[in-house]
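S.K.: If you scroll down you'll find the structure; I have some questions about it.
The values are calculated or read from the model by the stated rules, or taken from the named source; none is laboratory data. Just so you know, these numbers come straight off a predicted model, no measurement behind them. Positions of Cβ are backbone-derived with ideal geometry, glycine not excepted, and every protein chain shown enters the neighbour counts.
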Amino acid sequence: MADTTLMDKLVSLCKRRGFVFQSSEIYGGLGSVWDYGPLGVELKKNVKDRWWRAMVHARDDIEGLDAAILMHPKVWEASGHVAGFTDPLVDCKTCKARFRADKIQDAQCPQKPSKHPGEHTTCELTEPRLFNLMFKTFMGPVEESAAVIYLRPETAQGIYVNYLNVLQGSRQKVPFGIAQIGKAFRNEITPGNFIFRTREFEQMEMQFFVKPGADAEWFEQWRELRMAWHHALGLNPAKLRWHEHGPGELAHYAKAAYDIEYEFPFGWNEIEGIHNRTDFDLQRHQAASGKKLDYFDQAANERFVPYIVETSAGADRVTLTTLVDAYREEQVEGETRVVLGFHPSIAPIKAGVFPLVKKDGMPEFATRLYHDLKRQVPAFYDDSGAVGRRYRRMDEAGTPFCITVDGQTLQDGTVTVRHRDAMNQDRVAADTLAAWIKERTED
Ligand code: ATP
């Protein structure tokens, strides 16, 4: 049974603490579009930064790219998206709701009691019809068919059409990869589950170009590396698993595909796909553009169109995963403590700084310390209410360390550092604090 209570609590915490808000809320909200508030933007940025460091900075064989969202419309014809980027849509003539025919088992009929669509005697579902998920718009002042362009539904095509530019500019050799983080848009039929499935989202995609024949080995290597990345993000390994695409699910061009799935309160769902796309994309763009997209391997004196192993993760979905995985409630001294136990490297705020009381020079010391710290790590100053209350507010924001300036600080220059998870305390010299925190929050 789906744990909707946990999702409700998380959505409400996200709004209350400034992680995620509904888009255009004062106008009643825009369906499945969300805005990231002060804490959310830091969290998502930290997830993306970790990905970029692991995929680009830490490797010699991957280059970064930032391609435009708008692309020549022929890209989407060649890629197969105009003809085939569709989901099967069914309407219910009784309640007027719409569902994805392939996800009926995950959907709820709006009629009570709660059942799957089609299970009430009054349900009247239409035959499935195919619905293209690409958002269309017009380029230039005239709204005519010749001016139609699309908001990209994936970032990958920007990588394929630039692969020779990157290769030449960077002097890489196959095997090598191109990584990109960017917005994608899909007019999803049944978006939902908060930021799990939205109409505007960000992808973190890497396309790895290899010699045909070397693809199977690279595919296995990338599967291993990507699962290890999610583990290193601090996600509970027991809630991660592989899902292999069977013959009915496999895209027609793919040789093999695996999803990394996470056990959300609403069930096991994909957070990242690893695909062996063969030479399908480059062959299609070569044929449609008339430009040669093959690679000359000087050492072997041969030409070939590279195969591509793709790793494609949603930045918003992974951010949601970190929130769900981190959320916990504990009973402490008869009260419920809500904690977001993030991996310290992705916590939006690394340290809360408090004066124990608002007198005896403590606020002055704490303010100086806070300003000094803030230049080096994201920090938050709080002097309102009892220290216990301030701890709880930082626990809810996922802040790993709370620093209290107290009477002893004024005598020996040390501060109390309280740890979020174990709630134990240390004393640390204030002048070494920034380095102490960095050491524990950088990955
Ligand atoms: P699904 O089956 O959930 O629709 P998909 O197989 O179409 O996903 P891909 O095209 O493989 O997804 O996209 C790669 C990644 O992009 C997904 O693993 C997911 O993390 C993210 N993603 C795809 N669609 C959405 C969306 N509508 N909202 C948020 N993230 C998305």
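S.K.: Only residues that are charged (D, E, K, R) and modelled with pLDDT under 95: list them for the range 231-284, please.
M.R.: 249, 255 - these are the residues of the range 231-284 that are charged (D, E, K, R) and modelled with pLDDT under 95.
Table: residues versus (1) more than 16 Å from the ligand (Cβ to nearest atom); (2) touching a strand residue (DSSP E or B) at 6+ places or on another chain (Cβ under 7 Å); (3) under 26 Å from residue 263 (Cα atoms).
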| residue | (1), (2), (3) |
| --- | --- |
| 304 | yes, yes, no |
| 317 | no, yes, yes |
| 335 | yes, no, no |
| 338 | yes, yes, yes |
| 346 | yes, no, yes |
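S.K.: What pairs come out if I take residues in the range 104-126 that are basic (Lys, Arg) and pair them with residues that are surrounded by 13 or more Cβ atoms within 10 Å (Cβ to Cβ) whose C-beta lies under 6 Å away, six or more apart or interchain?
M.R.: 115/109
S.K.: Now, a different point. So how many residues does the range 61-117 have that are in a helix (DSSP H, G or I), touching a Gly at 6+ places or on another chain (Cβ under 9 Å) and among the aliphatic types (A, V, I, L, M)?
M.R.: Of the residues in the range 61-117, 2 are in a helix (DSSP H, G or I), touching a Gly at 6+ places or on another chain (Cβ under 9 Å) and among the aliphatic types (A, V, I, L, M).
S.K.: Can you name the number of the only condition in (1) surrounded by 15 or more Cβ atoms within 10 Å (Cβ to Cβ); (2) touching a helix residue (DSSP H, G or I) at 6+ places or on another chain (Cβ under 7 Å); (3) touching a residue at least 60 places away in the same chain (Cβ under 8 Å) that residue 218 fails?
M.R.: The one condition residue 218 does not meet is (2).
S.K.: Moving on. Pick from 63, 77, 42: which is in the same structural domain as residue 277 (by TED's automatic domain parsing), of a type in the set (D, E, K, R), over 23 Å from residue 170 (Cα atoms) and more than 14 Å from the ligand (Cβ to nearest atom)?
M.R.: 42
S.K.: So, in the range 67-100, of the ones that are closer than 27 Å to residue 280 by Cα and among the hydroxyl-bearing types (Ser, Thr, Tyr), which residue ends up surrounded by the most Cβ atoms within 10 Å (Cβ to Cβ)?
M.R.: 79
S.K.: Taking the criterion of being within 22 Å of residue 18 (Cβ to Cβ), in contact (Cβ under 8 Å) with a residue 12 or more places away in the chain and in a strand (DSSP E or B), would at least one residue in the range 340-347 satisfy it?
M.R.: Yes, the range 340-347 contains a residue that is within 22 Å of residue 18 (Cβ to Cβ), in contact (Cβ under 8 Å) with a residue 12 or more places away in the chain and in a strand (DSSP E or B).
S.K.: If residue 357 satisfies every condition in (1) within 14 Å of the ligand (Cβ to nearest atom); (2) not in a helix (DSSP H, G or I) but one, which is the exception?
M.R.: The failed condition is (1).
S.K.: So how many residues does the range 262-320 have that are assigned to a strand (DSSP E or B), surrounded by 15 or more Cβ atoms within 10 Å (Cβ to Cβ), on the phi < 0 side of the Ramachandran plot and not charged (D, E, K, R)?
M.R.: 17
Here's the yes/no breakdown for (1) within 20 Å of residue 46 (Cα to Cα); (2) touching a residue at least 24 places away in the same chain (Cβ under 8 Å); (3) out of contact with any Lys or Arg (no Cβ under 8 Å at 6 or more places or on another chain); (4) surrounded by 17 or more Cβ atoms within 10 Å (Cβ to Cβ):
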site	(1), (2), (3), (4)
154	no, yes, yes, yes
166	no, yes, yes, yes
174	no, yes, no, yes
193	no, yes, yes, yes
202	yes, yes, no, yes
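S.K.: Go through (1) in contact (Cβ under 8 Å) with a residue 24 or more places away in the chain; (2) out of contact with any strand residue (DSSP E or B) (no Cβ under 6 Å at 6 or more places or on another chain) and name the single condition residue 84 misses.
M.R.: Here residue 84 meets the rest and fails (1).
S.K.: Still on this structure, I have one more. Given the residues 35, 66, 87, which is the only one that is out of contact with any Ser or Thr (no Cβ under 9 Å at 6 or more places or on another chain) and of a type in the set (D, E, K, R)?
M.R.: The match here is 66.
S.K.: Within the range 177-193, does at least one residue satisfy the condition of being within 16 Å of the ligand (Cβ to nearest atom), touching a helix residue (DSSP H, G or I) at 6+ places or on another chain (Cβ under 9 Å), outside the structural domain of residue 40 (by TED's automatic domain parsing) and part of a strand (DSSP E or B)?
M.R.: The answer is no, given that none of the residues of the range 177-193 is within 16 Å of the ligand (Cβ to nearest atom), touching a helix residue (DSSP H, G or I) at 6+ places or on another chain (Cβ under 9 Å), outside the structural domain of residue 40 (by TED's automatic domain parsing) and part of a strand (DSSP E or B).
S.K.: Out of the range 11-61, which residues are farther than 15 Å from residue 348 by Cα, surrounded by 15 or more Cβ atoms within 10 Å (Cβ to Cβ) and either in contact with a helix residue (DSSP H, G or I) (Cβ under 7 Å, 6 or more places away or on another chain) or among the small types (Gly, Ala, Ser) (or both)?
M.R.: 21, 23, 32, 54
S.K.: Go through the range 21-60 and give me each residue that's in a loop (DSSP other than H, G, I, E, B), free of Cβ contacts under 8 Å to residues at least 40 places away in the same chain and not charged (D, E, K, R).
M.R.: Within the range 21-60, 23, 24, 28, 29, 30, 37, 58 qualify.
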